[in-house]
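Enquirer: Have a look at this one before I ask anything.
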Amino acid sequence: MKRIKILPVIFSLIALTFASCSTPEQQEVDSGSIIIGHVTDAHSWHIADYHGSDGEEHVIGINLPIILIDEGSLQFFSSKHFHHGHDVYQGKKHTYALVGGGLVKEEVICVEPTDDESKALLTTHDGTSYAAILDGEGNTLKPVDLSITKTAAAIIIAVTLLSIIILVTAKKYKQRAGKAPHGMQSLIEILVLHVRDDIVGPILGHHTNRFLPYLLTLFFFIFFCNILGLIPFFPAGANITGNIAVTAILAVITFFITNLNGNKHYWKDVFWTPGVPSWLKIFPLMPIVELVGVFTKPIVLMIRLFANMTAGHIVILGFVVIIFILSNTLGTAVGGAVSAVSVLFTVFISLLECLVAYIQAFVFTMLSALYISMAVEEPEEV
């Protein structure tokens, strides 16, 4: 009976998708702009579009603060002045615009309308051309951008929600001392024990308690951000761990914790690797290889998390966008027919991404624990 009740819901979703493809005025779908616009960062948080009574398309979004340091002066204004990339903002000294044509990552750059040959021609989203100021080497001059972007805002939201969950759970433990965990306590306890007993403990041994707080924070942050990224509506939906700057910072933190806690045996293995011929140590081939390995480990952490989460978002968006592409090129009938298959594949990939969200948090935490273990282990522990 449950399956029969679910069928009307599925067919209703497919019918709504078909109806959306059957609008009287077919518009060309820029799939690249849609996908790249979702997986990259931005200076405003786009939520939805709608057609008003005036027949024009309007954007629902959240304007984020723009913070710039340009030629020593601090400038603070809202991204609403850019009108989603279709306008420019006149600052104290220069004009600022979102440039990139909607196909690449949007950046706030310093521009000035001029025909000077020492300036480069750039184009805003609405096709207006400006000339960006160049330095002596021909590079575009940009102000120092300290803006609260979509990714930064999403991190603040994620950390706030995660902190509330952890603090409320800790309070419940105090209130229910000696009692079995209940509700959210059960989920958090399962995850904490899983990280401690199945990931960190077997790798770090008696060093577990020393590094457990960091590794627990790492696991919960990555896992929570991954899950939020799969929820397609505000305040979730931002591709936090699909931003290489975020994964780079996490990898750098692991890098410093690993190497600052490295003992003399760890550094001896790097610069005087045991078990290899002396001429390889003196050459010095092996020290170079080992030293390169010290820096490639965090790079592997950074790229693995970034690539896997970004790829998942691109695949999901690809299945959705293909409906409208086929509807415009082959007709609404074909688009409607393909939508049934596309929706099913989208649901399947979304469920798979839930598993990937956990696996990537697991792998990042496990490899971080492994790198730290290699740095703090003693010879008798090998």
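Enquirer: When the stretch 149-164 is examined, which residues are found to be out of contact with any strand residue (DSSP E or B) (no Cβ under 6 Å at 6 or more places or on another chain) and of a type outside the set (S, T, N, Q)?
Expert: The answer is 152, 153, 154, 155, 156, 157, 158, 159, 161, 162, 164.
Enquirer: Applying the selection to the stretch 52-85, what residues are of a type outside the set (D, E, K, R), assigned to a loop (DSSP other than H, G, I, E, B) and without any contact (Cβ under 8 Å) to a residue 60 or more places away in the chain? Give the steps one after another, and end with the answer.
Expert: Start the filter on the stretch 52-85 by keeping residues that are of a type outside the set (D, E, K, R), which leaves 52-53, 55, 58-69, 72-79, 81-85.
Those still in the list that are assigned to a loop (DSSP other than H, G, I, E, B) too: 52-53, 55, 64, 72, 83-85.
52, 53, 55, 72, 83, 84, 85, listed by residue number.
Enquirer: Residues 262, 275, 318: which one is assigned to a loop (DSSP other than H, G, I, E, B) and at pLDDT 80 or above?
Expert: Working: 275 fails: at pLDDT 80 or above; 318 fails: assigned to a loop (DSSP other than H, G, I, E, B).
Of 262, 275, 318, the one residue that is assigned to a loop (DSSP other than H, G, I, E, B) and at pLDDT 80 or above is 262.
Enquirer: With the requirement that a residue be out of contact with any helix residue (DSSP H, G or I) (no Cβ under 9 Å at 6 or more places or on another chain), of a type outside the set (A, V, I, L, M) and either exposed (fewer than 11 other Cβ atoms within 10 Å of the Cβ) or under 23 Å from residue 230 (Cβ atoms) (or both), what does the stretch 41-57 give you?
Expert: 49, 50, 52, 53, 54, 55, 56, 57, listed by residue number.
Enquirer: A further question on this structure: Residues in the stretch 192-226 that are of a type in the set (Gly, Ala, Ser) and in contact with a Gly (Cβ under 7 Å, 6 or more places away or on another chain): how many?
Expert: 0
Enquirer: Name the residue, out of 169, 241, 208, that is polar (S, T, N, Q), in the same structural domain as residue 364 (by TED's automatic domain parsing) and under 30 Å from residue 317 (Cα atoms).
Expert: Result: 241 is the single residue among 169, 241, 208 that is polar (S, T, N, Q), in the same structural domain as residue 364 (by TED's automatic domain parsing) and under 30 Å from residue 317 (Cα atoms).
Enquirer: Please pick out the residue among 2, 80 that is among the charged types (D, E, K, R) and at pLDDT below 75.
Expert: On inspection, the qualifying residue turns out to be 2.
Enquirer: Still on this structure, I have one more. Considering only the stretch 212-222, I want to know if a residue exists there that is touching a residue at least 60 places away in the same chain (Cβ under 8 Å), in a helix (DSSP H, G or I), touching a Phe, Trp or Tyr at 6+ places or on another chain (Cβ under 6 Å) and not charged (D, E, K, R).
Expert: yes
Enquirer: Shifting gears a bit: Scanning the stretch 349-367 for residues that are of a type outside the set (A, V, I, L, M) and in contact with a Ser or Thr (Cβ under 9 Å, 6 or more places away or on another chain), which turns out nearest to residue 249 (Cα to Cα)?
Expert: Taking the stretch 349-367 as the starting set, the residues that turn out to be of a type outside the set (A, V, I, L, M) are 350, 353-354, 358, 360, 362, 364-365.
Filter again for in contact with a Ser or Thr (Cβ under 9 Å, 6 or more places away or on another chain), leaving 360, 364.
Numbers: 360: 16, 364: 13 Å.
Among residues in the stretch 349-367 that are of a type outside the set (A, V, I, L, M) and in contact with a Ser or Thr (Cβ under 9 Å, 6 or more places away or on another chain), the one nearest to residue 249 (Cα to Cα) is 364.
Enquirer: Another one. Taking residue 215 and the conditions (1) of a type outside the set (Gly, Ala, Ser); (2) surrounded by fewer than 16 Cβ atoms within 10 Å (Cβ to Cβ); (3) under 19 Å from residue 357 (Cα atoms), which numbered condition does it fall short on, given that it satisfies the others?
Expert: It is condition (2) that residue 215 fails.
Enquirer: Could you say whether any residue in the stretch 172-195 is closer than 23 Å to residue 301 by Cβ, among the small types (Gly, Ala, Ser) and assigned by TED's automatic domain parsing to the domain that holds residue 377? I'd like the intermediate steps shown before the answer.
Expert: Quick first cut of the stretch 172-195, residues closer than 23 Å to residue 301 by Cβ only: 191-192, 194-195.
Subset that is among the small types (Gly, Ala, Ser): none.
No; the residues of the stretch 172-195 include none that is closer than 23 Å to residue 301 by Cβ, among the small types (Gly, Ala, Ser) and assigned by TED's automatic domain parsing to the domain that holds residue 377.
Enquirer: Checking the condition touching a Ser or Thr at 6+ places or on another chain (Cβ under 8 Å), farther than 26 Å from residue 165 by Cα and not charged (D, E, K, R), which residue from 204, 230, 260, 215 passes?
Expert: Of the residues listed, the single one that is touching a Ser or Thr at 6+ places or on another chain (Cβ under 8 Å), farther than 26 Å from residue 165 by Cα and not charged (D, E, K, R) is 204.
Enquirer: Just a yes or no: is a residue in the stretch 88-106 closer than 24 Å to residue 157 by Cα and either modelled with pLDDT under 75 or not acidic (Asp, Glu) (or both)?
Expert: Scanning the stretch 88-106 turns up at least one residue that is closer than 24 Å to residue 157 by Cα and either modelled with pLDDT under 75 or not acidic (Asp, Glu) (or both).
Enquirer: In the stretch 205-241, how many residues are of a type in the set (Gly, Ala, Ser) and either closer than 23 Å to residue 194 by Cβ or at pLDDT 90 or above (or both)?
Expert: Of the residues in that region, 2 qualify.
Enquirer: Let me ask something additional. Just one of the numbered conditions (1) modelled with pLDDT of 60 or more; (2) surrounded by 15 or more Cβ atoms within 10 Å (Cβ to Cβ); (3) over 25 Å from residue 34 (Cβ atoms) is not true of residue 119; which one?
Expert: (1)
Enquirer: Among the residues of the stretch 178-197, which ones are assigned to a helix (DSSP H, G or I) and surrounded by 15 or more Cβ atoms within 10 Å (Cβ to Cβ)?
Expert: Passing the criteria: 185, 188, 191, 192, 195, 196.
Enquirer: Does residue 249 satisfy the criteria of being in the same structural domain as residue 298 (by TED's automatic domain parsing), outside any loop (DSSP other than H, G, I, E, B) and more than 21 Å from residue 373 (Cβ to Cβ)? Lay out the reasoning, then the answer.
Expert: Details: in the same structural domain as residue 298 (by TED's automatic domain parsing): yes; outside any loop (DSSP other than H, G, I, E, B): yes; more than 21 Å from residue 373 (Cβ to Cβ): yes.
Yes: the conditions hold for residue 249.
Enquirer: Still on this structure, please answer the following. So which residues in the stretch 141-167 are exposed (fewer than 15 other Cβ atoms within 10 Å of the Cβ) and either touching a Phe, Trp or Tyr at 6+ places or on another chain (Cβ under 9 Å) or closer than 15 Å to residue 220 by Cα (or both), if there are any at all?
Expert: 156, 159, 160, 161, 163, 164, 167
The values are calculated or read from the model by the stated rules, or taken from the named source; none is laboratory data. Being a predicted model, the structure only gives us computed values, none of them experimental. All Cβ positions, glycine included, derive from the backbone under ideal geometry; neighbour counts span all protein chains shown.
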